[in-house]
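Since the structure comes first, as structure tokens, the remarks are kept for the end.
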Amino acid sequence: MNSCPELLRPCWQGFFRADEDEWRGVTASLPPDGGQGLRERRMRYPYFPGCTLRAKARGFESSALASAGALGVQLDELPNWQCCGATFPLQADNSFSLVSPARTLASARKMGERLVTLCSACYNVLKRTNHVMRTDADRRDKVNAFIEEDYRGDLEVVHFLEVLRDDIGFDALARSVKVPLGGLAAAPYYGCLLLRPADELAFDDPEAPHILEDFLSALGCRAVDHPYKIECCGSYVALEPGDLASGPSRMVVESARTRGAQVIITSCPLCQYNLDISQQGARGHSGVGVPVVYFTQLLAIALGLSEDVLGFEGHVISPGPLLRSIGAMGSEATA
Amino acid sequence: MRTGVFVCWCGLNIGGVVDVPRVVEEISHYPGVARAVDYRYMCSDPGQQLIKDVIREERLDSVVIAACSPGMHEATFQSVAASAGVNPYRCEIANIREQCSWPHQNEPGEATRKAIELIQAAIEKVRGDEALSALSIPVTRRALIIGAGIAGMQAALDIAEAGHEVVLVERLPHIGGHMAQLSETFPTLDCSQCILTPKTSEVGRHPRIKLLTNSEVESISGYVGNFTVRIRRKATYVNWDLCTGCGLCTEKCPSRASSTFERGLVKEPAISIAFPQAVPHKPVISAEACGHFTKGKCGVCEKVCPVGAIDYQQQDALFEEKVGAIVVATGYDLHPKAKVGEYGYGVYPDVIDGLEFERLNSASGPTQGQIRRPSDGKVPKEVVFIQCVGSRDQENGYPYCSKICCMYTAKHARLYKHKVSDGQPYVFYMDIRAGGKGYEEFVQHATEEEGVLYLRGRVARVFQDGDALVVFGVDTLSGKKVEIRADMVVLATAIVPASGAKELARVLKTATDQYGFFSEAHPKLRPVESLTRGIYIAGCAQAPKDIPDTVTQAGSAAAKVLALFSAERLSHSPAVAAVDEELCSGCGVCVEACAYDARTLDTRRRVAVVNDVLCEGCGACAVACPNGATRQKNASRSQVFSMIDAVVG
Amino acid sequence: MRLTRDVVSGENRRKLRDISGEEVASCYQCGKCSAGCAMTGMMDLLPHQVIRLVQLGHIEEAAASRTIWLCASCLACSARCPRGVSLPNVMESLRVTLLRPGERHLDPAGLPAEVLENAPEQALVAGLRKYT
Ligand SMILES: Cc1cc2nc3c(=O)[nH]c(=O)nc-3n(C[C@H](O)[C@H](O)[C@H](O)COP(=O)(O)OP(=O)(O)OC[C@H]3O[C@@H](n4cnc5c(N)ncnc54)[C@H](O)[C@@H]3O)c2cc1C
Ligand code: SF4
Ligand code: SF4
Ligand code: SF4
Ligand code: SF4
Ligand code: SF4
């Protein structure tokens, strides 16, 4: 059982499943050799799932792991990972909140030189913590003393999107597509955590990112560019009473919808939640909802994987009808 | 007469409105016109070549160019005509752009008609034009510089170094101007005296600089290349030729005067040398304060002077100097104290201006460089700086921005912090204008590194409350009214022209703006030339500016002077007035009418005489003469009438 | 508003600097941060106004604003700030001045059931980090 670093006691809602093998199973079920030589240069990386992917965002992980497998990437879950803390601490005088992500990083370093993440928040927190461990000797010493390690930040934290782009390649990805998404108009939504702070994350152009567009094109989708793709969805302000985050989220959805997007893709469970739930009331007025899905869910569909791995659950705007209407999903599928 | 007419399109400026082909067609039939042609840009190289070619082909004896204002290209076309053998004074310009196509953009038909008439008038004028040749005048290669601040000194050194003599007139007993009063200077914070004294001592000993301090220009006559200047050297009551500058007199003098150099912060002996590095290092007696002059009693300095240099009988002396060019470098003053009542300036001793702060911060100043407030010598811990006092204040001061006070206020706040590290400087500002190399960074350093708090807003009022000066201000950024109990308040008062600037301009027959800053001939293209030929301007005399800009402008004024001095002789337009002595009755009306002193009366022959090189060809005399005895060359009565006929006839 | 050197550069200003690691004096109040903040619609003070109050030493007033709880730490402001001010760090330091002595801005037990049910764990953990 893992503990929640926030409350320093066993995770308060019991997010973590004891039965982790259930998930490792997905990595193991690599499809039979698909040709194209991907198998030969099979890639294996340590992988950090994070708490949300073990609870509310299971579909994100299952679709990702299945797709990775299909593309010849093996993601080995870290044995003893802890919650990253979900948000990078912004206090200069307090290194305590870095302890948990640092511990994760130190143990990942023992498994390899790269650590793959899926959730934008995990990516952000782990990469920023890694940056501190690499560049700030004072705080590094403090944290190391606490976790009894000598970790110096010599690990590369990467996002699964980067694996797709850099290790597999979007051209090769395009060649692996089994179910071309027939020009599905999909709007990428980057949000904040993948892009900022740009000097530390160095993920993509912070004002004009395009990795998601390139990804969508590889899947055969039509990427819908829209100005709010880098604006904040409201994040954890969703917890404030009074539906406060839905304003910014609605702007994001509208910006995509009015430019013709049929679906929005994201890599952050909180963005997914905020954008989706912001349409709860609005659905009535506009009459049109735009489903918000994880990029890996579209990926799994395009790779022709079993609908079982998609895990569309609890959407306000269900992606099912749309995906069925374009023939991307069978008529009796989930959702 | 064989006249060629050249009509310019000026791209669409003229051609877009005036029907140029029709103009050419009509004009080619006008009497005396040998050929009329048009071209897209007459001033371009091909355009000029076209004029030359036609002159030769048609063997023209005169040309009319229908184009832009003569202010733009008259000189160009005159020289083109001359190079093809036509006398340049038989080249006339018909202004069909500024006076036709531009104002009549919406009435092309009328514009075309007017263009034709203007060209016809020019043809009529050129018909009567005489072939003249330019007048030639000698140049006195000697310059007068008025004001020995950094501007005047720099110009003097540049001209003297180039090998010409300079007469440098300064009204104070010493040179250096305001820079001598500054402590440290932005943006590098180097000590002002340290960078100034090499200049002052060089000026003081330069063999080609004749330094006249305690002196002022009384009158000027003459013209470019040939000015005669009368200078008054005011009595110092000390024979400087004998004085060794030992300073004994100043030590023993029992009378006290308020020190102008220290901006009234201290008293000094009635006989004194303003500051230790003063050049010349010689004392002056203030007759208003000296016991000998006020009570007729003292004579201490006379007694102690080891060389007998004291001379209570000394009188003002008058000099006359001949120079070819003049540089005005009279600098600035600060907005007078009495005019900012709401800040208690001039009432509360701890409300001071920027120059007073410079003196407080100066190692040679009244507090030896310690920041102590004037009233009780206490080190002020809360200091409020107020910018734009009198500047950018149409109602109570001047509408213009004084340009340097943002920078020197940032400097003051920083210097204050350097000396009083636990003190808090506040700066009230409207905008920060820091457009210079390293300037923005200088200001940001004040906020970022030195804890200067900038508050955006004007202060409404300052009043004394016990020990403190209460400042009522506002911070428009937070939308809050601000109240500060300050120990001292420093006002960045407006930069105004030096006292007497307008009077000096009158003496020089040149112009100032409404405030008294000397006017440049063109704000962009001729920034150091005044409106009078041979007179140049440099430094704050022209407008508020900092030391780098002042030095730049002084160098460029010197370059203009040197360019003038590089000519063997100067040329002057021959289109001047002339007197028909047969008709002249010697009444002298024209002498009065001439604004350039170009006319005198020959009393023996009882006729008026024109000094050609002074005459600007304005025509005032010709209009004034009741006898028709005055003729304006190339603008004769008959020419003018036939021009009128060509337009209205 | 009374300004004195104790207010402007006093102890609580120093404390905030230690927590945030930020020198707000660099801010020249251009407003670019507020211009790009997605949350301003709900804020009582714009982000640059919060910074201004801190510059003036009026920390308590800044900490009393709703804005500090509405800042989503999205970094849109600091990414574009021409003076390199990390506003989200300042916002966090203001929250922390209240949270460290024990204030809890969020009571997990008081969250509506549908939020607990649906919000991703990430939101709950982040919320607890920022609000308690
Ligand atoms: C408080 C303050 C701080 C400043 N700090 C800086 C700084 O840090 N860095 C910087 O670059 N600039 C600074 N400046 C600006 C600087 O003082 C000017 O740029 C510079 O002094 C201008 O030189 P000037 O020769 O044009 O004028 P001035 O220095 O004014 O010199 C003019 C001279 O002409 C004389 N004069 C005037 N009228 C007559 C007359 N009729 N006949 C004969 N002589 C006459 C005057 O007596 C004077 O000696 C500051 C200005 C102020 C007010
Ligand atoms: S005592 Fe005489 S020599 Fe000495 S400074 Fe005075 S006037 Fe000059
Ligand atoms: S330079 Fe600055 S302080 Fe001076 S008048 Fe201009 S804006 Fe005001
Ligand atoms: S006004 Fe005429 S007549 Fe009189 S003096 Fe002058 S030129 Fe002679
Ligand atoms: S963008 Fe930066 S400098 Fe501009 S107001 Fe905001 S914090 Fe200040
Ligand atoms: S970090 Fe906070 S203040 Fe800055 S833009 Fe995002 S929500 Fe606004």
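Does C:Q49 qualify as being more than 16 Å from ligand 3 (Cβ to nearest atom), modelled with pLDDT of 95 or more, open to solvent by less than 20 Å² (accessible area, probe 1.4 Å) and away from chain A (no Cβ under 14 Å)?
Working: more than 16 Å from ligand 3 (Cβ to nearest atom): yes; modelled with pLDDT of 95 or more: yes; open to solvent by less than 20 Å² (accessible area, probe 1.4 Å): no; away from chain A (no Cβ under 14 Å): yes.
When the stated conditions are applied, C:Q49 does not pass them.
Any residue in the range B:470-483 that is in contact with a Ser or Thr (Cβ under 9 Å, 6 or more places away or on another chain) and either over 29 Å from B:S192 (Cβ atoms) or more than 16 Å from ligand 5 (Cβ to nearest atom) (or both)? If you could, list the steps in order and put the result at the bottom.
Residues of the range B:470-483 in contact with a Ser or Thr (Cβ under 9 Å, 6 or more places away or on another chain): none.
No, the range B:470-483 has no match at all.
For the range A:172-200: of the residues being outside any loop (DSSP other than H, G, I, E, B) and in contact with a Cys (Cβ under 8 Å, 6 or more places away or on another chain), which is nearest to the other protein chains (Cβ to nearest Cβ)?
A:A186
Picking from B:E251, B:E262, which residue would you name as being of a type in the set (D, E), within 16 Å of ligand 2 (Cβ to nearest atom) and more than 21 Å from B:Q314 (Cβ to Cβ)? Even if it seems obvious, please write down each step before you answer.
On the way: B:E262 fails: within 16 Å of ligand 2 (Cβ to nearest atom).
Every option except B:E251 fails the conditions.
If you check B:C406, B:C401, which single one turns out to be of a type outside the set (K, R), under 14 Å from B:I432 (Cα atoms), surrounded by fewer than 22 Cβ atoms within 10 Å (Cβ to Cβ) and under 33 Å from the mean Cα position of the chain (by Cα)?
Details: B:C406 fails: surrounded by fewer than 22 Cβ atoms within 10 Å (Cβ to Cβ).
When all the criteria are applied, what remains is B:C401.
Which of (1) touching a residue at least 60 places away in the same chain (Cβ under 8 Å); (2) open to solvent by 60 Å² or more (accessible area, probe 1.4 Å) does B:Y89 not meet, given it meets every other one?
Of the numbered conditions (1) touching a residue at least 60 places away in the same chain (Cβ under 8 Å); (2) open to solvent by 60 Å² or more (accessible area, probe 1.4 Å), the odd one out for B:Y89 is (2).
How about the range A:237-261: which of its residues are touching a Leu at 6+ places or on another chain (Cβ under 7 Å) and touching a residue at least 60 places away in the same chain (Cβ under 8 Å)?
Of everything in the range A:237-261, just one residue is touching a Leu at 6+ places or on another chain (Cβ under 7 Å) and touching a residue at least 60 places away in the same chain (Cβ under 8 Å), namely A:V252.
Kindly evaluate B:G369 against the criterion of being away from ligand 6 (no atom under 16 Å from the Cβ) and crowded, with 20+ Cβ neighbours inside 10 Å. First the steps, then the outcome.
Details: away from ligand 6 (no atom under 16 Å from the Cβ): yes; crowded, with 20+ Cβ neighbours inside 10 Å: no.
When the stated conditions are applied, B:G369 does not pass them.
Select, from B:G466, B:G451, the only residue that is surrounded by fewer than 16 Cβ atoms within 10 Å (Cβ to Cβ) and closer than 26 Å to B:G377 by Cβ.
Details: B:G451 fails: surrounded by fewer than 16 Cβ atoms within 10 Å (Cβ to Cβ).
After ruling out the rest, the residue left standing is B:G466.
Considering only helices (runs of 4 or more DSSP H) fully contained in the range C:55-132, which possess at least 3 residues that are open to solvent by less than 40 Å² (accessible area, probe 1.4 Å), more than 7 Å from every other protein chain (Cβ to nearest Cβ) and under 22 Å from C:M42 (Cα atoms)? Outline the logic, then answer.
Details: elements: C:59-63, C:67-70, C:76-80, C:87-99, C:113-118, C:121-131.
Counting at least 3 such residues, we get C:59-63, C:87-99.
Could you please find all residues in the range A:66-85 being open to solvent by 10 Å² or more (accessible area, probe 1.4 Å) and more than 21 Å from A:E113 (Cβ to Cβ)?
Result: A:A66, A:A70.
Considering only the range B:444-462, I want to know if a residue exists there that is without any contact (Cβ under 8 Å) to a residue 24 or more places away in the chain and more than 14 Å from every other protein chain (Cβ to nearest Cβ). Spell out how you get there, then give the answer.
Let us first name the residues in the range B:444-462 that are without any contact (Cβ under 8 Å) to a residue 24 or more places away in the chain, namely B:444, B:447-449.
Filter once more, keeping what is more than 14 Å from every other protein chain (Cβ to nearest Cβ): none.
Within the range B:444-462, not a single residue is without any contact (Cβ under 8 Å) to a residue 24 or more places away in the chain and more than 14 Å from every other protein chain (Cβ to nearest Cβ).
Do the conditions hold for B:Y345, that is, is it of a type outside the set (D, E) and within 24 Å of B:L453 (Cα to Cα)?
On the way: of a type outside the set (D, E): yes; within 24 Å of B:L453 (Cα to Cα): yes.
Judged against the criteria, B:Y345 is a match.
Has the range B:367-382 got at least one residue that is under 32 Å from the mean Cα position of the chain (by Cα) and in contact (Cβ under 8 Å) with a residue 40 or more places away in the chain? If you could, list the steps in order and put the result at the bottom.
Going residue by residue through the range B:367-382, those that are under 32 Å from the mean Cα position of the chain (by Cα) are none.
So far as the range B:367-382 goes, no, none of its residues is under 32 Å from the mean Cα position of the chain (by Cα) and in contact (Cβ under 8 Å) with a residue 40 or more places away in the chain.
Residue under question is C:G31, and the condition is that it be without any contact (Cβ under 8 Å) to a residue 40 or more places away in the chain, surrounded by fewer than 18 Cβ atoms within 10 Å (Cβ to Cβ), in contact with a helix residue (DSSP H, G or I) (Cβ under 6 Å, 6 or more places away or on another chain) and more than 9 Å from chain A (Cβ to nearest Cβ); does it hold? Can you show your working first?
On the way: without any contact (Cβ under 8 Å) to a residue 40 or more places away in the chain: yes; surrounded by fewer than 18 Cβ atoms within 10 Å (Cβ to Cβ): yes; in contact with a helix residue (DSSP H, G or I) (Cβ under 6 Å, 6 or more places away or on another chain): yes; more than 9 Å from chain A (Cβ to nearest Cβ): yes.
Judged against the criteria, C:G31 is a match.
Mind listing whichever residues of the range B:391-430 are without any contact (Cβ under 8 Å) to a residue 24 or more places away in the chain and within 14 Å of chain C (Cβ to nearest Cβ)?
Residue satisfying the conditions is B:S421 alone.
B:F428 - would you say it is in contact with a Gly (Cβ under 6 Å, 6 or more places away or on another chain), away from ligand 6 (no atom under 16 Å from the Cβ), assigned by TED's automatic domain parsing to the domain that holds B:P374 and not in a loop (DSSP other than H, G, I, E, B)?
Details: in contact with a Gly (Cβ under 6 Å, 6 or more places away or on another chain): yes; away from ligand 6 (no atom under 16 Å from the Cβ): yes; assigned by TED's automatic domain parsing to the domain that holds B:P374: yes; not in a loop (DSSP other than H, G, I, E, B): yes.
Yes, satisfied.
For B:E74, state whether it is within 35 Å of the chain's Cα centre (by Cα) and among the acidic types (D, E).
Values: within 35 Å of the chain's Cα centre (by Cα): yes; among the acidic types (D, E): yes.
It is true that B:E74 is within 35 Å of the chain's Cα centre (by Cα) and among the acidic types (D, E).
Identify, from the list A:E61, A:E149, the residue that is assigned to a loop (DSSP other than H, G, I, E, B), touching a Lys or Arg at 6+ places or on another chain (Cβ under 8 Å) and more than 10 Å from every other protein chain (Cβ to nearest Cβ). Let's see the steps before the verdict.
Values: A:E61 fails: assigned to a loop (DSSP other than H, G, I, E, B).
After ruling out the rest, the residue left standing is A:E149.
The values are calculated or read from the model by the stated rules, or taken from the named source; none is laboratory data. What you see is a predicted model; the values in this text were computed from it and never measured. Using ideal geometry, Cβ is built from the backbone for each residue, glycine included, and neighbour counts are taken over all protein chains shown. SASA here: full protein model, heavy atoms, side chains in, ligands and nucleic acids out. Shrake-Rupley method; radii C 1.70, N 1.55, O 1.52, S 1.80 Å.
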